[in-house]
Amino acid sequence: MKLSPVLRVLPSALLLVGAYCTPVNHYAKRQSSITDFIESEASVSINGVLANIGSDGTQAPGAAPGIVVASPSMSDPDYFFTWIRDAALTYKALIERFIDGESSLQQLINDYVSSQAYLQTVPNPSGGPDTGGLGEAKFYVNMTAFLGSWGRPQRDGPALRATALSLYANWLISNGQETLAAESVWPVIAKDLAYVVRYWNQTGFDLWEEVNGSSFFTLSAQHRALVEGAALAAKIGQMCDGCSDAAPQILCFLESFWTGSYIDSNINVNDGRTGKDANSVLSSIHTFDPAAACTDATFQPCSSRALANLKEVTDSFRSIYGINNGIPQGQAVAVGRYAEDVYFGGNPWYLTTLAVAEQLYDAIYQWDQQGSITIDSVSLPFFQDLLPSITTGTYTPTQSLICPSNDTHTTESPSYATIIDAVRTYADGYIAVVQKYTPTTGALAEQYNRDTGTPLSARDLTWSYAAFLTATERRAGIVGPTWAEPNNNVAPDVCTAPPACNARVTFNVRATTTFGENVFVVGQLTQLGNWRPDSAVPLSASQYTSDDPLWFADVEIPASTVFEYKYIRISDSGEVTWESDPNRSFITPEGCGSSATIQDVWR
Ligand code: NOJ
Ligand code: NOJ
């Protein structure tokens, strides 16, 4: 602990200086220009969420009971679908409000349980109920499968849903309704957890539905879900097969996303990005445990790594958005998904800007619980943006003194209370950014324009409203229950991946080629180069004859996996020719070590 000489004598000198130095009470209600906004926007937000849920939601015509519509926007973009991810995060917020006393929400929560139990049975392009179908990202609002091409599978959905439902199941158990928990909620959770146990070590699409690889958000959500799921199963005498084995392995794998100064949000993919992505901030707030210390391993909001990462992610947006121009370091800015984003032109999003505020409020909650803030060399740059003179060390509230401004103490390293105050002001700044770019109606779209700040893309995005609710609840010190992070935050020294469960697929394509031309297979899987011609799998011409122009290759692909693919030819000068549309698709057989043969003709 680094204390200045003056501060070190303070505790004993307290009585003497007490007459003109008063302890800081950082809980004191401060006049803030955002409090009125928070009050009105919170009511717009809860109404905005409820309006988008079937069957009574005014903006959700045709949606089945308990189905969350992502946005009422039916074109440009068409978001009139239900995404498993958006719905789970929204219901997590609703269930927390229910636990906190909003009992009128229970019917809607029971509707969610029933709707998800049904969706788990709907065969879809990601597979059937036991063959990967739970990884499907979105369905029509009447709960039928969406058959168009999409970034699939997305493996965060089942984990996020299991977490939302575990919150509810635990509440039921604590409130004398164990049978309901065991018979109607647990079966849904159990299927989601079985999916996670089986597929966590396989690549999939990230939460932005763009990158097929390993996503930090997905794996963090999976870790939390398995930890909670194992505890819940034990409580009600059920089995959670493989949950306790997989959870520490996922935690171990999560380590590999840390670059030394920030989280690289997507790995095992050649995406040409820095990896600084709100993906990681959303991970931190989703796995926030109010009972946790500032654990780096689980990326808790107050951990040094998560704070260093918050700085790197927010800084990556400072210079690229016009509306952030001239905002100095240490002050809040508009935050998007990631700097390289081009969707709708690449803009800040409400939910990502709010997530940064939420992480900071979570961190304050954790510091207050522990009664100290430790600043180390990893988190120092984050704190220095807010308080330039700050140094590494541990700060506790006993040092918190306000002294007259001409007092010598003011030149000393800032106190605990000063730090908390600075972080809170910084967090409030992000709410103020959202306030600045929210129309007077309070409507929250998905994005706001990077140069003008006007709302963009899907209107009334359910997730934007849910993000507003959770960020401002954390600001008010309202938090959910623990998920037992304190007993589940140590990764094994060596990571052991589960044994691969692959099928051998033999691709055969008849394609008459000219000398110097080669044929490759490329598709929507890591094993097939993620649609990148430079990562495509080469086929062999060793059996090629003019009568039978065969190109072939064996590729190991996870069993029970649906994928799309095409053949391409690449000339010796590197020119790529694609087969004509549509994409081809295939599903690998069930069972590790199984095999399948594909016979195609170039088209
Ligand atoms: C690309 C976007 O970046 C992604 O987030 C979106 O979901 C899909 N397109 C579909 O609209
Ligand atoms: C696009 C976002 O990138 C994705 O995360 C979200 O699930 C959908 N829109 C629906 O809101």
TODO: Residues being in a helix (DSSP H, G or I), aliphatic (A, V, I, L, M) and assigned by TED's automatic domain parsing to the domain that holds Thr452: count how many of those fall in region 272-327.
DONE: 6
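Please count how many residues of region 498-536 are closer than 17 Å to Val601 by Cα and either under 28 Å from the mean Cα position of the chain (by Cα) or surrounded by 13 or more Cβ atoms within 10 Å (Cβ to Cβ) (or both).
Applying the first criterion (closer than 17 Å to Val601 by Cα) to region 498-536 yields 505-514, 517-523.
Filter once more, keeping what is either under 28 Å from the mean Cα position of the chain (by Cα) or surrounded by 13 or more Cβ atoms within 10 Å (Cβ to Cβ) (or both): 505-511, 513, 517-523.
Count: 15.
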Task: Answer residue from region 123-145, given it is crowded, with 16+ Cβ neighbours inside 10 Å, part of a loop (DSSP other than H, G, I, E, B) and at pLDDT 95 or above and is farthest from ligand 2 (Cβ to nearest atom) among those - done: Met143
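For every residue, the table says whether it meets (1) under 13 Å from Glu358 (Cβ atoms); (2) in a strand (DSSP E or B); (3) within 16 Å of ligand 2 (Cβ to nearest atom).
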site: Thr425; (1), (2), (3): no, no, no
site: Tyr430; (1), (2), (3): yes, no, no
site: Ala466; (1), (2), (3): yes, no, yes
site: Glu473; (1), (2), (3): yes, no, no
site: Gly480; (1), (2), (3): yes, no, no
site: Asn508; (1), (2), (3): no, yes, no
site: Thr512; (1), (2), (3): no, no, no
- [ ] Could you list all residues from region 88-122 that are out of contact with any strand residue (DSSP E or B) (no Cβ under 8 Å at 6 or more places or on another chain) and part of a loop (DSSP other than H, G, I, E, B)?
- [x] Asp100, Gly101, Glu102, Gln120, Thr121
TODO: Would you point out the residue of region 353-374, among those that are within 15 Å of Ala306 (Cα to Cα) and touching a strand residue (DSSP E or B) at 6+ places or on another chain (Cβ under 6 Å), that is surrounded by the fewest Cβ atoms within 10 Å (Cβ to Cβ)?
DONE: Thr374
Open item on the list: For region 192-214, give me the residue count where each residue is assigned to a strand (DSSP E or B) and within 15 Å of Ala137 (Cα to Cα).
Closed with: 3
- [ ] Would you tally the residues in region 29-83 being of a type in the set (A, V, I, L, M, F, W, C), in a loop (DSSP other than H, G, I, E, B) and within 16 Å of ligand 2 (Cβ to nearest atom)?
- [x] 6
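Any idea which of Ser104, Ser115 is surrounded by 16 or more Cβ atoms within 10 Å (Cβ to Cβ), within 27 Å of Trp186 (Cβ to Cβ) and more than 16 Å from ligand 1 (Cβ to nearest atom)?
On the way: Ser104 fails: surrounded by 16 or more Cβ atoms within 10 Å (Cβ to Cβ).
Result of the check over Ser104, Ser115: Ser115.
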Open item on the list: Val522 - would you say it is over 29 Å from Ile364 (Cα atoms), touching a helix residue (DSSP H, G or I) at 6+ places or on another chain (Cβ under 7 Å), of a type in the set (Val, Ile, Thr) and modelled with pLDDT of 95 or more?
Closed with: yes
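The values are calculated or read from the model by the stated rules, or taken from the named source; none is laboratory data. Computed from a prediction, not measured in an experiment: that's the story for all the values here. As a convention, Cβ positions derive from the backbone with ideal geometry for all residues, glycine included, and neighbour counts pool all protein chains shown.
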